[in-house]
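The values are calculated or read from the model by the stated rules, or taken from the named source; none is laboratory data. Being a predicted model, the structure only gives us computed values, none of them experimental. Ideal geometry is used to build each Cβ from the backbone, glycine not excepted, and the neighbour counts take in all protein chains shown. Just the protein is used for accessible areas: all its heavy atoms, side chains included, with ligands, DNA and RNA removed. Shrake-Rupley method; radii C 1.70, N 1.55, O 1.52, S 1.80 Å.
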Number of protein chains: 2
Amino acid sequence: MSHPGATATDRHKVVVIGSGFGGLTATKALKRADVDVKMIAKTTHHLFQPLLYQVATGIISSGEIAPPTRMILRKQRNAQVLLGDVTHIDLANQCVTSELLGHTYVTPYDSLIIAAGAGQSYFGNDHFAEYAPGMKSIDDALELRARIMSAFEQAERSGDPARREKLLTFTVVGAGPTGVEMAGQIAELADHTLKGTFRHIDSTTARVILLDAAPAVLPPMGEKLGKKAQARLEKMGVEIQLGAMVTDVDRNGITVKDSDGSLRRIECATKVWSAGVSASPLGRDLAAQSDVEIDRAGRVKVLPDLSVPGHPNVFVVGDMAAVEGVPGMAQGAIQGGKYAANAIKAELKGADPAEREPFQYFDKGSMATVSRFSAVAKIGPVEFGGFIAWLAWLMLHLVYLVGFRRKITTLLSWTVTFLSTSRGNLYITEQQAYARTRIEELEEIAAAVQDTEKAAS
Amino acid sequence: MSHPGATATDRHKVVVIGSGFGGLTATKALKRADVDVKMIAKTTHHLFQPLLYQVATGIISSGEIAPPTRMILRKQRNAQVLLGDVTHIDLANQCVTSELLGHTYVTPYDSLIIAAGAGQSYFGNDHFAEYAPGMKSIDDALELRARIMSAFEQAERSGDPARREKLLTFTVVGAGPTGVEMAGQIAELADHTLKGTFRHIDSTTARVILLDAAPAVLPPMGEKLGKKAQARLEKMGVEIQLGAMVTDVDRNGITVKDSDGSLRRIECATKVWSAGVSASPLGRDLAAQSDVEIDRAGRVKVLPDLSVPGHPNVFVVGDMAAVEGVPGMAQGAIQGGKYAANAIKAELKGADPAEREPFQYFDKGSMATVSRFSAVAKIGPVEFGGFIAWLAWLMLHLVYLVGFRRKITTLLSWTVTFLSTSRGNLYITEQQAYARTRIEELEEIAAAVQDTEKAAS
């Protein structure tokens, strides 16, 4: 598919979908290749997702974990960054459709790397999302921060003890790394950062509940570390409820089904959902056009070389791909992105796609922070927890942050927060404080119109 | 108005409306007084407004200029911070009505300090606001940053030269300090920070237009400094159009009436409005109940002791007050807030309100930055510009920022931005990138319903 007059477009065209760990790594790995790379991403930034919980709890500013992708790739002349929401991949015609504010764009490719990631899964109950935001994007983190802070503000003004209690109950659904980190940080916020700043309420009386349908905290880290994290959280006052499945969520609370089958209700204004992931809908789009299958989480069951059956030039990497033994973590995406880029480079030099070595994941270990000065880590057979694990976690995340300046400001934010418990990023916007009601009002009018139209037709 | 059982409420009750320079200074000045202070504010933070333009252009993060007010006042045990939008002041019954998310609160006072500030004025054309946001709040700054960055992103994707030109034209209406600072920073963003990050467009070809109906730039700074600022901006490529009055603003551009009476059109996607201020509507509320008058900008014409005629216990300070010789700047609010607090303290010790010395404003001078390394300053009869003024501006703003940590991170952000031209806070949220269309859609449905209802009645 060459275009008249353009020399650049005569080169092998690689399209990369997504600017997360997978997409960014793949693009960078193609730096010296004789290709044109177009990265199409839904956001203008590369999100450093492992620190998202620190934005949601006011420790760091969102800019620190969201550098503009085009700044990172400024010097990579063969790469172009394009903002757009990819809505369709046409495997037969080798092109990608994306949309931006009412405009539709079609981008042809010779090779395609799909790294569109995953969103939160509500297991078929998508209406939970409005009341219990997930933890997948900057939007989510800022929304949750506003809800947490706003709950305290509303409680300070309320004269009704029951309403105050509801406002001061924070429920985190899902006891994986994100859930553990959020529960721990909300507890520290209430017990230390906000302590003594209210006159009518005592922020340290806030309840933080961490719920999971599974019988353990941090199941992938094993029983020993899970118990360690649980003990630490409980010492901080977090209530842990295991074998507890959420059956309903509304504005005022959640309904929980315990392992004995009984139902109970928790009144709580603020709910955080970190219970499951659902791969980008582009997986379904691929499955409709090829022999590829998707699993229950919507992830694409790729071949051992991460390609889509029948389309050796189309790779799926990161959270969107279902590959045995590869966890849904940054390392899985980074290694997958690099593998796909290397395969493209090898074939430009004449290698046969049919002879690719299968993708092999190298497990660098996993870790999760529980609170300041405490984390759990698992590196191969070695498991450890406490202060050393926390220091290791700190160092590792600092090393992986993009840019020298970001490392410095983040280190500064951490030093201040961990030593003084103060946090620099707790403001909420006026829109967050008041305008939700305007949107609710508009949604109601829109719903009423739709009802009227239905009745009329 | 004592309440049963409470000792605290038997103390003299001071209500302060607003958490800006005036309200915060007044509250702090009452620290050692035998009073109960309730500060009711629309935002949870104290906004350091002079640096808002740096948030709007990505130099600093919003957290750096928006510390939570309750953190600042944590140790002041006689002060309580309450979030709420004050909708009414009842002078006869001495109480203030505020609203927060559907709840209404009434707060009684013995003394009242009103420091609710001012919003942007569109001189009767409030519908301009949607297309040309002002520069008064964190919301405004984040919205403008998103619009500026989004315009570049859309231009990179557009194949239509006319649309690209429209997207790459940025118009700033109003050549006061904020307008000058915004125009200068948008130009630096386009010429330096974003340079080389796009492939399809050249960000340095962006047009930045600074318009004013007045015949000069920075009129209050005098002709010499105005010309200096103008020359510097023009050297940076900013087009300055004076004697140009904006008569209409829509999604795609603005209509301008020149001094010769002719009309012309500027196609531009991004518009910044910094042309005028309009005091809080609480001014009108006061005028309806007392002998006080308001001026054209909605400011309250207070007595020489900043009180409302007939209500010596009600003070209006800052941008909301019309006082001869006091400019609408931080210093006016700070000095007014301190004066009102001191008057209350003196009267608690037996002073007669009728014998108050009139408020006297001490002019500490004024300054405005034009670009990095260049500012203009006027201190009494001394006028100077260039690098020295810029350094002075830097030092002064750093000193006035709240908190040691904020001074350090801001200094770091400045060092990086001014030396390397890179900026740490340029991300836009997904909501900002895409969801505006959802709100537009809802607004349209709502408008249609209202039309139908009108037709039916």
Count - residues of segment B:360-382 that are polar (S, T, N, Q) and without any contact (Cβ under 8 Å) to a residue 24 or more places away in the chain: 1
Residue match in segment B:127-146 (condition: open to solvent by 40 Å² or more (accessible area, probe 1.4 Å), facing chain A (nearest Cβ under 10 Å) and not charged (D, E, K, R)): no
Lone qualifier among B:120, B:94, B:76 - being closer than 22 Å to residue A:152 by Cα and not small (Gly, Ala, Ser): B:76
Residues being within 14 Å of another protein chain (Cβ to nearest Cβ), among the aliphatic types (A, V, I, L, M) and crowded, with 19+ Cβ neighbours inside 10 Å - total across segment A:375-422: 2
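Take residue A:85 and decide whether it is within 14 Å of chain B (Cβ to nearest Cβ), open to solvent by 10 Å² or more (accessible area, probe 1.4 Å) and touching a strand residue (DSSP E or B) at 6+ places or on another chain (Cβ under 9 Å).
The answer is yes for residue A:85.
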Given (1) aromatic (Phe, Trp, Tyr); (2) surrounded by fewer than 18 Cβ atoms within 10 Å (Cβ to Cβ); (3) not in a loop (DSSP other than H, G, I, E, B), number of the condition residue B:362 does not satisfy: (3)
In segment B:311-359, residue surrounded by the most Cβ atoms within 10 Å (Cβ to Cβ) [restricted to those that are outside any helix (DSSP H, G or I) and touching a residue at least 60 places away in the same chain (Cβ under 8 Å)]: B:317
Scan of segment B:44-55 for residues that are within 12 Å of chain A (Cβ to nearest Cβ) and among the hydrophobic types (A, V, I, L, M, F, W, C), ordered by number: B:47, B:48, B:55
Any hit, segment B:243-262, residues being open to solvent by 40 Å² or more (accessible area, probe 1.4 Å) and in contact with a Pro (Cβ under 6 Å, 6 or more places away or on another chain): no
Filtered residues of segment B:149-184 (kept if away from chain A (no Cβ under 12 Å), open to solvent by less than 10 Å² (accessible area, probe 1.4 Å) and out of contact with any Phe, Trp or Tyr (no Cβ under 6 Å at 6 or more places or on another chain)): B:169, B:170, B:171, B:172, B:174, B:175, B:179, B:180, B:183, B:184
Qualifying residue in segment B:237-244 (condition: among the aliphatic types (A, V, I, L, M) and at pLDDT below 95): no
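Which residue, of A:413, A:422, is among the small types (Gly, Ala, Ser), part of a helix (DSSP H, G or I) and touching a Gly at 6+ places or on another chain (Cβ under 9 Å)?
Unique residue meeting the criteria: A:413.
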Some residue of segment B:14-22 being crowded, with 24+ Cβ neighbours inside 10 Å, assigned to a helix (DSSP H, G or I) and in contact with a strand residue (DSSP E or B) (Cβ under 8 Å, 6 or more places away or on another chain): yes
Selection within segment A:23-43 - within 13 Å of chain B (Cβ to nearest Cβ) and open to solvent by 10 Å² or more (accessible area, probe 1.4 Å): A:36, A:38, A:42, A:43
Residue under evaluation residue A:192, criteria (1) closer than 17 Å to residue A:374 by Cβ; (2) more than 14 Å from chain B (Cβ to nearest Cβ); (3) open to solvent by 20 Å² or more (accessible area, probe 1.4 Å), criterion not met: (2)
Residue match in segment B:424-436 (condition: touching a strand residue (DSSP E or B) at 6+ places or on another chain (Cβ under 8 Å), open to solvent by 30 Å² or more (accessible area, probe 1.4 Å) and away from chain A (no Cβ under 13 Å)): no
Residues (in contact with a strand residue (DSSP E or B) (Cβ under 7 Å, 6 or more places away or on another chain) and either of a type in the set (A, V, I, L, M) or within 12 Å of chain B (Cβ to nearest Cβ) (or both)) located in segment A:215-232: A:216, A:217, A:218, A:221, A:225, A:229
Answer residue from segment B:69-82, given it is without any contact (Cβ under 8 Å) to a residue 40 or more places away in the chain and open to solvent by 10 Å² or more (accessible area, probe 1.4 Å) and is nearest to residue B:12 (Cα to Cα) among those: B:77
Residues that are closer than 21 Å to residue A:147 by Cβ and either more than 7 Å from chain A (Cβ to nearest Cβ) or outside any helix (DSSP H, G or I) (or both), drawn from segment B:56-79: B:61, B:66, B:67, B:68, B:69
